[in-house]
Amino acid sequence: MSVNIQTILDQASFSREDLALLLKTGEEERKLLFAKAAEVKEDYVGKKVYYRGLVEYSNLCGKNCLYCGIRAGNKKARRYEVTEEEVLEAARYAWENKFGSVVIQAGERSGKDYVRRIERLLRQIKQMSNGELGITLSLGEQSEETYRRWFEAGAHRYLLRIEVSNPDLYHKYHPRNKAHNYQARLDSLFLLRKLGYQVGTGVMIGLPFQSVEDLADDLMFFKEYDIDMVGMGPYIEHEDTPMYQYRDQLLPKMERFYLSLKMVATLRILMKDINIAATTAMQAIDPMGREKSIKVGANIIMPNLTPSRYREDYLLYEDKPCTDEDAEECKRCLEARIHMAGAEIGYGEWGDSKHFARRKKQ
Ligand code: 5AD
Ligand code: SF4
Ligand code: FES
């Protein structure tokens, strides 16, 4: 069997069946996969890991994704919005500590005032850092006009996870209404690309009703849509969400973790020059989750910069790490972790997706 896996790993292209086989590897065979992924990473994107200082700007959200702890319907969540001064302070910290970039993430909201507030923040961050800080947004589905305004104000990357690429499954994890529409999400990804953003997407791994073949399809989806960056991690149940009712049907957490690690490694082999994040959800299961992701292909990490007083309210899933820490603690912690993983930190660099640079040249 391991001969088989090695044969697949040595191929130049991969079918859906090949990908599924890689995702199904057991303890021994997956070592071959991880070794290959590490090799591809070193050859194509190098040893450097780039920082994206993460500001969880607000847990207000108008949507009701059935898995998410900050969904509008969760009345137990204490809602917050970080103040303008605090965002600028976090951005300044990122800039002074040579993080290269920040990510502003929040639940999905619209409204003129909100759009304007984000726009103003973007301009302020750019101005404060002499244009040096890169800015990624992760603020959900918005209109073309909004995406354009934010791009013109200085954002140049956008993360919008498709969550699951199979439309039938998508509608199992989201309410069936206009606000949760698979096609609209897909359209958003196209819009972002058209407007010139570096586009990131991603999925959750180990959802109820999801098969390994579905995950292979997710990987094919990233390839087909020529995505620049991917952030994906294990699905982790949250008590105050409708999907908690399926908790007995889930893979054990450690299996979800290894499946996620295999997804990262397989994606690195499939899309050699994209940016792949070592996500926080990996660490929610395994204390060394992010380091392990870096070893098998991830090259982006998001140190948390959210002011401490808000952190425990941005609880998308249970056991989320870093909720008791502050920016300084996360910085020190991550530095040690990255060195342990045998990687280097790309201080002061944007660390843009090499894939994006290549497709722009074409
Ligand atoms: N488990 C794992 N990831 C989750 N997200 C939301 N809820 C969960 C959960 N229960 C992820 C989604 C979303 C991102 C911000 O957080 O993929 O896009
Ligand atoms: Fe809102 Fe995003 Fe959570 Fe969905 S996943 S409820 S859009 S914060
Ligand atoms: Fe936040 Fe380790 S990265 S505590």
**Message:** Please go through (1) under 30 Å from LEU195 (Cβ atoms); (2) surrounded by fewer than 19 Cβ atoms within 10 Å (Cβ to Cβ); (3) of a type in the set (A, V, I, L, M); (4) within 13 Å of ligand 3 (Cβ to nearest atom) for MET340 and return the number of the only condition it doesn't satisfy.
**Reply:** (1)
**Asked** With (1) within 16 Å of ligand 1 (Cβ to nearest atom); (2) buried (at least 20 other Cβ atoms within 10 Å of the Cβ); (3) more than 24 Å from ALA106 (Cα to Cα) as the list, and THR266 as the residue in question, which single condition is left unmet?
**Response** (1)
**Asked** Name the residues in segment 35-52 that are touching a Gly at 6+ places or on another chain (Cβ under 7 Å) and among the hydroxyl-bearing types (Ser, Thr, Tyr), would you?
**Response** TYR50, TYR51
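Matching residues to (1) of a type outside the set (A, V, I, L, M, F, W, C); (2) in contact with a Leu (Cβ under 7 Å, 6 or more places away or on another chain); (3) more than 28 Å from THR241 (Cα to Cα):
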| residue | (1), (2), (3) |
| --- | --- |
| ASN275 | yes, no, yes |
| ALA281 | no, no, no |
| PRO287 | yes, no, no |
| ILE294 | no, no, yes |
| ARG309 | yes, no, no |
| ASP319 | yes, no, no |
| GLU329 | yes, no, yes |
| ALA341 | no, no, yes |
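Looking at the structure I just gave you, is TYR258 of a type in the set (Ser, Thr, Tyr), open to solvent by 20 Å² or more (accessible area, probe 1.4 Å), in contact (Cβ under 8 Å) with a residue 60 or more places away in the chain and more than 27 Å from ALA35 (Cβ to Cβ)?
Working: of a type in the set (Ser, Thr, Tyr): yes; open to solvent by 20 Å² or more (accessible area, probe 1.4 Å): yes; in contact (Cβ under 8 Å) with a residue 60 or more places away in the chain: yes; more than 27 Å from ALA35 (Cβ to Cβ): no.
Here the answer is no, as TYR258 does not meet what is asked.
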**Item:** Answer from CYS68, CYS61 - the residue that is touching a His at 6+ places or on another chain (Cβ under 9 Å), more than 16 Å from ligand 3 (Cβ to nearest atom) and either farther than 18 Å from GLN127 by Cβ or open to solvent by 10 Å² or more (accessible area, probe 1.4 Å) (or both)
**Value:** CYS68
**Subset of segment 342-362 [out of contact with any Gly (no Cβ under 7 Å at 6 or more places or on another chain) and charged (D, E, K, R)]** = GLU344, ASP352, LYS354, ARG358, ARG359, LYS360, LYS361
**Fill in**
For segment 40-58, the count of residues that are buried (at least 24 other Cβ atoms within 10 Å of the Cβ) and not in a strand (DSSP E or B) equals 2
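Listed residues ARG332, ARG358; which is assigned to a helix (DSSP H, G or I), within 30 Å of THR83 (Cα to Cα) and open to solvent by 30 Å² or more (accessible area, probe 1.4 Å)? Walk me through it before giving the result.
On the way: ARG358 fails: within 30 Å of THR83 (Cα to Cα).
Within the list ARG332, ARG358, the selection yields ARG332.
Please work out if THR323 is open to solvent by 10 Å² or more (accessible area, probe 1.4 Å) and either within 13 Å of the chain's Cα centre (by Cα) or not small (Gly, Ala, Ser) (or both). Write out each step before concluding.
Details: open to solvent by 10 Å² or more (accessible area, probe 1.4 Å): yes; either within 13 Å of the chain's Cα centre (by Cα) or not small (Gly, Ala, Ser) (or both): yes.
In short, yes.
In this structure, does ARG309 turn out to be over 27 Å from PHE34 (Cα atoms), away from ligand 1 (no atom under 16 Å from the Cβ) and open to solvent by 10 Å² or more (accessible area, probe 1.4 Å)? Break it down stepwise before answering.
Working: over 27 Å from PHE34 (Cα atoms): yes; away from ligand 1 (no atom under 16 Å from the Cβ): yes; open to solvent by 10 Å² or more (accessible area, probe 1.4 Å): yes.
Answer is yes for this residue.
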**Message:** Cβ contacts < 6 Å: first residue among the polar types (S, T, N, Q), restricted to segment 316-345; second residue within 16 Å of ligand 1 (Cβ to nearest atom), any location; separation 6+ or different chain. Result?
**Reply:** THR323/ARG311; THR323/GLU312
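Return yes or no: is GLY26 within 30 Å of LYS178 (Cβ to Cβ) and surrounded by fewer than 22 Cβ atoms within 10 Å (Cβ to Cβ)? Lay out the reasoning, then the answer.
Numbers: within 30 Å of LYS178 (Cβ to Cβ): no; surrounded by fewer than 22 Cβ atoms within 10 Å (Cβ to Cβ): yes.
In short, no.
The values are calculated or read from the model by the stated rules, or taken from the named source; none is laboratory data. Values in this document were obtained by computation on a predicted structure and should not be read as measured data. Note that each Cβ is placed from the backbone with ideal geometry, even for glycine, and that neighbours are counted across all protein chains shown. Calculation scope for accessible area: heavy atoms of the full protein, side chains included, ligands and nucleic acids excluded. Shrake-Rupley method; radii C 1.70, N 1.55, O 1.52, S 1.80 Å.
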